[in-house]
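Participant: Dropping the structure in here first, questions after.
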Ligand SMILES: NC(=O)c1ccc[n+]([C@@H]2O[C@H](COP(=O)([O-])OP(=O)(O)OC[C@H]3O[C@@H](n4cnc5c(N)ncnc54)[C@H](OP(=O)(O)O)[C@@H]3O)[C@@H](O)[C@H]2O)c1
């Protein structure tokens with residue numbers, strides 16, 4: 001049976017972290033959500049969380065680095081909920097480290113998921129987004145605006161995402177599709193939490209103290225919560241957010257010092 005609700009939102013990398021928070025928030029706001037990541041188990045837990053609060057969700061486990069996976073995700077969303085109104089390109093994992101130790105494979109892998117995954121999903125979903133007057137939100141990162149020695153791959157991928165966003169916003173003018181990008185700063189995800197535990201142990205301080213020190217060293221006002229990024233996504237794709245178009249939004253507690 002095909003379920004058709006008012007809005008259907010695809011969120012990639014939705015099994016944990018920022019993506020999961022975005023899926024939970026959009027479902028809370030009434031969207032039928034389609035979650036994608038590789039781990040079936042983690043996806044099932046996220047779907048369960050959404051359904052327990054009365055939200056609508058379905059999940060498909062795919063490796064979005066594979067060329068045909070994004071089209072399969074779009075097909076799954078249409079087959080399950082009948083339409084695609086929102087695409088959130090969030091999945092990303094790029095290797096950090098000394099530039100001279102990073103291989104061609106590391107670079108290709110970083111681009112395969114975050115950049116080409118987003119390009120391919122946007123292309124596959126576009127006819128549906130055009131029909132629905134829908135929205136694309138790309139989740140990039142501050143490293144694309146303020147590059148650093150240990151983040152050559154991630155910074156390059158995020159900068160490419162920004163250019164892709166601007167170009168697709170131009171296409172979206174013609175086709176009635178809204179396209180924007182958010183650059184999160186440091187967000188308190190599971191990954192960040194692990195870094196904090198290590199930091200706290202190294203310095204012999206509490207986790208809270210380690211977080212305050214981290215924020216002070218990074219010259220930011222605070223560490224973000226995934227739900228804060230999710231709230232901005234919900235606003236942008238909601239009825240009051242349509243003025244955002246081709247916007248590249250730093251949500252980074254002051255991390256980006258340049259104009
Ligand atoms: N957290 C931050 O502080 C921060 C800051 C700036 C930007 N960002 C960006 O925000 C996005 C989300 O970050 P996060 O910290 O929430 O990430 P995360 O906790 O590491 O989660 C990544 C998500 O992507 C999925 N994923 C990874 N590889 C995949 C693949 N090959 N195919 C499909 N799904 C895949 C993961 O699930 P599986 O492993 O099961 O596939 C997971 O759901 C990323 O693009 C990241 O670069 C994050």
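Participant: Please express the Cα-Cα pair-distance distribution P(r) of the range 205-259 as a list of whole percents, one per 10 Å bin, running from 0 to the bin with the greatest distance.
Facilitator: 20, 39, 28, 12, 1
Participant: For the range 1-86, compute Rh as the Kirkwood radius over C-alpha pairs and then the Stokes-Einstein diffusion coefficient at 20 °C and 1.002 mPa s; write the answer in µm²/s, rounded to an integer.
Facilitator: Values: Rh = 12.4 Å.
Rounded to a whole number, D works out at 173 µm²/s.
Participant: Roughly speaking, what is the centre-to-centre gap between the range 68-139 and the range 141-200 when only Cα atoms are used, to the nearest Å?
Facilitator: 13
Participant: Running Debye on the chain with equal point scatterers at the Cα sites and no solvent, what base-10 log of I(q)/I(0) appears at q = 0.10, 0.11, 0.15 Å⁻¹?
Facilitator: With one equal scatterer per Cα and no solvent, log10 I(q)/I(0) is -0.48, -0.58, -1.08.
Participant: Just for the Cα atoms in the range 119-259, what are the lengths along the principal axes, largest first, rounded to whole Å?
Facilitator: Ordered largest first, the range 119-259 gives principal extents of 56, 31, 28 Å.
Participant: Would you mind putting 199-212, 7-20, 176-189 in packing order, based on average other-beta-carbon counts within 10 Å, highest first? Write out the running numbers ahead of the final one.
Facilitator: Values: 199-212: 13.6, 7-20: 26.8, 176-189: 22.4.
In descending order of packing, they fall as 7-20, 176-189, 199-212.
Participant: Sticking with this one: Where does the chain land at 222 nm, in deg cm²/dmol rounded to the nearest 500, when only DSSP H runs of n ≥ 4 count, each adding -39500 (n - 2.57), divided by all residues? It would help to have the intermediate numbers written out before the result.
Facilitator: Working: 9 runs with 124 residues, N = 259.
My calculation for the chain gives -15500 deg cm²/dmol from helical runs alone.
Participant: Taking the Cα atoms only, what angle lies between the long axis of helix 190-203 and the longest principal axis of the chain, rounded to 10 degrees?
Facilitator: 10
Participant: Can you tell me what percent of all Cα-Cα pairs in the range 3-49 are more than 18 Å apart? Mind dumping the intermediate values first?
Facilitator: Values: 201 of 1081 pairs.
Everything past 18 Å amounts to 19 percent.
Participant: Follow-up. Could you compute how fast the range 76-179 diffuses translationally, taking Rh as the Kirkwood radius over C-alpha pairs and applying Stokes-Einstein at 4 °C with viscosity 1.567 mPa s? Give it in µm² per second. Mind showing how you got there, number by number?
Facilitator: Working: Rh = 14.5 Å.
Once the numbers are plugged in, D ends up at 90 µm²/s.
Participant: Another question, then. Starting from 0 in steps of 10 Å, tell me what percent of the Cα-Cα pairs of the range 11-147 lands in each bin.
Facilitator: All Cα pairs, binned at 10 Å, distribute as 13, 43, 32, 11, 2 percent.
Participant: Counting other beta carbons within 10 Å of each Cβ, put 107, 126 in order, fewest first. Please report the intermediate quantities before stating the final value.
Facilitator: Working: 107 16, 126 20.
Final ranking by Cβ density, sparse to dense: 107, 126.
Participant: Sorted from largest down, give the three principal axis spans of the alpha carbons of the range 168-229, whole angstrom values.
Facilitator: The principal-axis extents, from largest down, are 57, 21, 16 Å.
Participant: Here is a follow-up. So what is Rg over Rh here for the range 67-126, counting just Cα atoms and using Kirkwood for Rh?
Facilitator: 1.12
Participant: Rounding to the nearest 10 and keeping the result within 0 to 90°, find how far the Cα-based axis of helix 152-175 lies from the longest principal axis of the chain.
Facilitator: The angle comes out near 30 degrees.
Read-outs throughout are calculated quantities, based only on the coordinates presented, and are distinct from any laboratory measurement. It should be emphasised that the depicted structure is a prediction, and the values quoted were computed from it without experimental measurement. Glycine also receives a Cβ, built like all others from the backbone with ideal geometry; neighbour counts cover every protein chain displayed.
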